[in-house]
Amino acid sequence: MIRTTARFTALLLSLSVAAPALCADSNLPDTASTRFDFLDVNRDGVLSKYEYDSDVAFETMDVDDDARLSAAELQEILGAIGQGSPTAADRIVVADLDGDGALDDAELRRALEMKFSWLDRNSDGNLDLEEMKAGFGVRTRP
């Protein structure tokens with residue numbers, strides 16, 4: 001479950017700054033339905049805020065335990081970058097409020113919360129497949 005949450009966090013970061021074509025170049029599922037199935041860890045048919053938990057993401061992705069998610073750490077989760085695709089550093093810059101080149105816990109929480117709220121069109125605190133499809137591949141900026 002920790003690995004899935006880390007993948008989910010990486011997915012959210014890439015979704016917020018990358019075009020849909022990015023998925024063909026990464027290890028992430030490439031359609032809204034396959035992403036939804038991939039992220040719905042408890043298989044209840046909705047994605048909850050719990051499945052966006054940044055505490056678990058940091059625990060998993062912050063390999064050097066410096067309380068910051070660096071581009072190198074994110075790149076490790078995302079895998080190889082395809083030609084013309086944004087780097088992990090390009091993806092981080094969107095949520096990097098202090099401009100230090102890495103995300104601290106507050107920056108990651110803010111980015112994830114904004115993405116979740118944006119996707120949760122009916123404001124019920126969960127994402128269903130239709131909400132996921134409606135926001136699939138759409139660039140958003142936290």
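The values are calculated or read from the model by the stated rules, or taken from the named source; none is laboratory data. Given the structure is predicted, the values throughout are model-derived calculations rather than measurements. A quick note on method: Cβ atoms are made from the backbone with ideal geometry, for glycine too, and the neighbour counts reach across all protein chains shown.
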* Structure fact -> When restricted to ALA72, ALA88, the only residue surrounded by fewer than 13 Cβ atoms within 10 Å (Cβ to Cβ), at pLDDT 75 or above, small (Gly, Ala, Ser) and closer than 19 Å to ALA111 by Cα is ALA72
* Structure fact -> Residues of the stretch 98-112 being under 25 Å from GLY125 (Cβ atoms) and exposed (fewer than 15 other Cβ atoms within 10 Å of the Cβ), in sequence order, are ALA106
* Before we move on, is ASP66 surrounded by fewer than 13 Cβ atoms within 10 Å (Cβ to Cβ) and on the phi < 0 side of the Ramachandran plot? -> yes
* Test for ALA18: is it touching a Lys or Arg at 6+ places or on another chain (Cβ under 8 Å), surrounded by 20 or more Cβ atoms within 10 Å (Cβ to Cβ) and modelled with pLDDT of 85 or more -> no
* Asked: Limited to the stretch 103-142, what total is found for residues that are at pLDDT 85 or above and assigned to a loop (DSSP other than H, G, I, E, B)?
  -> 7
